[in-house]
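So the structure is just underneath, and the comments pick up after that.
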């Protein structure tokens, strides 16, 4: 069983690291464990829409930095993880959605019922906020688990939304009808110690009814 104190320590340690130690690299084993935390994350309908692109090439980091508001964590980090979300595979009636929903050992009529529920849900999303808005939120669940898991191992991170999405997608030859960039996370080891974490108290953010 995971200790609640250990989890709380990881939450307290995690912060948005703005500058990493360029001389330190995350081991292959620890990096793969961080990615595993993302893979095992929950997602709506179990669609697992995330795809992780790990950037280790310094040349590519430099190119990406120019589209990320020139933020230093892009090029000083050990590993840069671009979290993409699939798009067309999530369409109602798609083979992908059928495959994902059929993985459970359920009677055929139950699976068919899930197909119908999902198709109505996806159709409503496409007509309203859009598939990307919904699927990218699932990516944030994976991102949170990856960053907290990294913190538990003494590895720092920084979630990044400050980037020119279309330009990065073009740089990476991404087809936006098939996949889109949701967010970026830089992982590495901090240079500077951080100040005490500042958050609103529970009584400011929690209500009971």
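The values are calculated or read from the model by the stated rules, or taken from the named source; none is laboratory data. This is a predicted model, so every value here is computed, not measured. Reconstructed Cβ throughout: ideal geometry from the backbone, glycine too, with neighbour counts over all protein chains shown.
Restricted to helices (runs of 4 or more DSSP H) entirely inside the stretch 1-82, those with at least 3 residues that are touching a helix residue (DSSP H, G or I) at 6+ places or on another chain (Cβ under 6 Å) and over 13 Å from residue 160 (Cβ atoms) are 28-39.
Hey, among 143, 91, 122, which residue is modelled with pLDDT of 95 or more, under 27 Å from residue 27 (Cα atoms) and crowded, with 16+ Cβ neighbours inside 10 Å? Within the list 143, 91, 122, the selection yields 143. Give the stretch 88-137 a look and list any residue that's part of a loop (DSSP other than H, G, I, E, B), under 14 Å from residue 48 (Cβ atoms) and in contact (Cβ under 8 Å) with a residue 24 or more places away in the chain, or say none. Result: 103, single match. The residues of the stretch 171-193 that are closer than 17 Å to residue 54 by Cα and either assigned to a strand (DSSP E or B) or without any contact (Cβ under 8 Å) to a residue 40 or more places away in the chain (or both), listed by number, are 173, 179, 180, 181, 182, 183, 184, 185, 186, 187, 188.
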